[in-house]
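Worksheet: one structure, shown below.
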Amino acid sequence: MKINITINGEARVDDVEPRTLLVHYIRETRRLTGTHIGCDTSQCGACTVLVDGLAVKSCSLFAVQADGSIIQTIEGVASDDSLHPVQEAFWLEHGLQCGYCTPGMVITLMQVLERNPSPSEAEVRRGIAGNLCRCTGYQNIIAAAMRAAGSSKGGNQ
Amino acid sequence: MIPAAFEYHAPKTLRQAISTLRKYDGEARVLAGGMSLVPMMKLRLANLAAVVDLGRIKGLSFIQEVNGGLSIGPMTTHYDIESSEVVQRISPILAEAAALVGDVQVRNRGTIGGSVAHADPAADLPAALLVLHAKFSIAGSARRRIVRADRMFVDAYTSALEEGEVIAGVHVPAMPPRTGWSYKKLANRASRFAIVGIATQVTTDEQGVCTRARVAITGAGPAPTRARTIERYLTGKKLTPLNITKSATRAIAGIEFLGDVHGSPEYRKHLTMELTKQALTEASERIR
Ligand SMILES: Cc1cc2nc3c(=O)[nH]c(=O)nc-3n(C[C@H](O)[C@H](O)[C@H](O)COP(=O)(O)OP(=O)(O)OC[C@H]3O[C@@H](n4cnc5c(N)ncnc54)[C@H](O)[C@@H]3O)c2cc1C
Ligand code: FES
Ligand code: FES
């Protein structure tokens, strides 16, 4: 089936099988491997991308369901020479160790901060309930989120 | 994990969706948010000849105020419901339950129609819809029919829907004056599904005597269900701490408690009584 999907500003038409999962389309057809597969059972959030502005787990969506949509992946988050405020905050607060969960964490937090620009710590923790990290113990991820919320540009671009 | 191959249909109208479903004679299912169906297809627990995606049909996602109650489209997402000022005002318990479903990503995709049709024994919205006395309008048979919430959740993963039927709307009556509500759940730490969840709505007269009590339990047994014993016990009584505690011990009547890795039947029994007490206490404090 032919699908037309724009990722990080680049529109393309591709032929996919209906059973192709969006995450496989993004990683294998579009060669954007920043979106990770952690659990493949809809639990970990490593595969989170924005589809038409909504954070979704791309392992739990067929690519055909996203036909005609506009997607942002972690590769499209920074602008030419500056990090997104959420990325910058992860860097400054050391919000990652191995980095496997980081693309999904950053995208989810962009959504959380867009909807609630000055969240409490509890609200941040609830916001990333669908993102698992096996390394950090979450403390520095929360600190990064709170820092990003404090910066003037927090949230989605 | 990749599902077995299937044919994909994305009809533009509900009528087309229903006729496509019929062609496959039970071998096809509708796809809403996909938060339950896609994982089941990946695990090959569901092997379908075809999938009929409701996502391209216009007009299935809406929240409207009707006669002081609500009319909600089947494709309305959990996020739409939790963030709707109209739902928060008219049926706050529904907004509260929707906000506790899974996580941000799941609530962005998962729908009220899918949640009802899937009839997960631990789902949140069915518990709220039971206490709200919601009704579902169902298309797909010769005539549209209406099913009441207390007839909808038949067994684990089994709703009252027949082959080829689609939930076309959810209707919630207005909340009477002097009503308080609460939804309390203890969530599984990984999936956020309820180990036990208690929804309640209580109404009193001007003297503080309970004129109507509704309690629904999810997660405890094979299907979300009303706790009618408590409802009868509380009706005609004041919602004092003693009466609430006494009623909570009646919450467990008639339930066949589940036991699994998340909790033994004993544990679920205890949670049911404890959360019933908490929910009724909060609901009685919220009566205005
Ligand atoms: C990680 C995770 C955590 C979750 N946590 C929770 C939780 O805490 N609480 C909770 O309640 N739920 C939870 N869910 C489930 C979630 O709420 C789903 O949204 C819901 O169960 C199904 O809705 P859906 O729109 O995704 O339906 P789908 O997955 O698309 O469909 C589910 C089933 O319903 C049928 N169906 C869908 N729409 C209709 C319709 N209009 N008419 C007839 N049949 C229809 C489909 O054919 C399919 O059989 C979780 C899911 C995940 C992945
Ligand atoms: S890979 Fe999608 S949620 Fe884990
Ligand atoms: S940094 Fe390793 S999983 Fe989060």
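The values are calculated or read from the model by the stated rules, or taken from the named source; none is laboratory data. This is a predicted model, so every value here is computed, not measured. Neighbour counts are summed over all protein chains in view; Cβ atoms, including those assigned to glycine, are modelled from backbone coordinates with ideal geometry. The accessibility values were calculated without ligands, DNA or RNA, using every heavy atom of the protein model including side chains. Shrake-Rupley method; radii C 1.70, N 1.55, O 1.52, S 1.80 Å.
What's the number of the condition B:A248 fails, among (1) in contact (Cβ under 8 Å) with a residue 12 or more places away in the chain; (2) closer than 30 Å to A:R126 by Cβ; (3) under 21 Å from the mean Cα position of the chain (by Cα)?
(3)
Going by the structure shown, is B:L130 more than 14 Å from chain A (Cβ to nearest Cβ), more than 8 Å from ligand 1 (Cβ to nearest atom) and in a helix (DSSP H, G or I)?
Against the criterion (more than 14 Å from chain A (Cβ to nearest Cβ), more than 8 Å from ligand 1 (Cβ to nearest atom) and in a helix (DSSP H, G or I)), B:L130 qualifies.
Out of B:R178, B:R192, B:R212, B:R145, report the one residue that is within 14 Å of another protein chain (Cβ to nearest Cβ) and more than 13 Å from the chain's Cα centre (by Cα).
Result of the check over B:R178, B:R192, B:R212, B:R145: B:R192.
Check B:L60, B:L94, B:L70 and return the single one that is closer than 22 Å to B:P126 by Cβ, away from ligand 2 (no atom under 16 Å from the Cβ), assigned to a loop (DSSP other than H, G, I, E, B) and more than 14 Å from chain A (Cβ to nearest Cβ).
B:L60
Quick check, is A:V49 out of contact with any Leu (no Cβ under 6 Å at 6 or more places or on another chain), facing another protein chain (nearest Cβ under 8 Å) and within 16 Å of ligand 2 (Cβ to nearest atom)?
Spelling it out, it is not the case that A:V49 is out of contact with any Leu (no Cβ under 6 Å at 6 or more places or on another chain), facing another protein chain (nearest Cβ under 8 Å) and within 16 Å of ligand 2 (Cβ to nearest atom).
Out of A:L96, A:L132, A:L83, I need the residue that is within 16 Å of the chain's Cα centre (by Cα) and either farther than 27 Å from A:T29 by Cα or not aliphatic (A, V, I, L, M) (or both). Which one?
Step by step, each of A:L96, A:L132, A:L83 is checked, and only A:L96 is within 16 Å of the chain's Cα centre (by Cα) and either farther than 27 Å from A:T29 by Cα or not aliphatic (A, V, I, L, M) (or both).
Every residue in region B:221-232 that is open to solvent by less than 10 Å² (accessible area, probe 1.4 Å) and either within 16 Å of B:T158 (Cα to Cα) or free of Cβ contacts under 8 Å to residues at least 12 places away in the same chain (or both), please.
B:G221, B:P224
Report, by residue number, each residue of region B:133-156 that is closer than 22 Å to B:L186 by Cβ and either open to solvent by less than 10 Å² (accessible area, probe 1.4 Å) or out of contact with any Ser or Thr (no Cβ under 9 Å at 6 or more places or on another chain) (or both).
B:A156
Among the residues of region B:14-68, write down those that are open to solvent by 60 Å² or more (accessible area, probe 1.4 Å), farther than 17 Å from B:G110 by Cα and within 21 Å of the chain's Cα centre (by Cα).
B:Q64, B:E65, B:V66
Tally time: how many residues in region A:120-148 are touching a residue at least 24 places away in the same chain (Cβ under 8 Å), assigned to a helix (DSSP H, G or I) and either open to solvent by 60 Å² or more (accessible area, probe 1.4 Å) or away from chain B (no Cβ under 14 Å) (or both)?
Selection size over region A:120-148: 8.
Report the residue count in region B:49-89 for those that are free of Cβ contacts under 8 Å to residues at least 40 places away in the same chain and under 16 Å from B:Q16 (Cα atoms).
1
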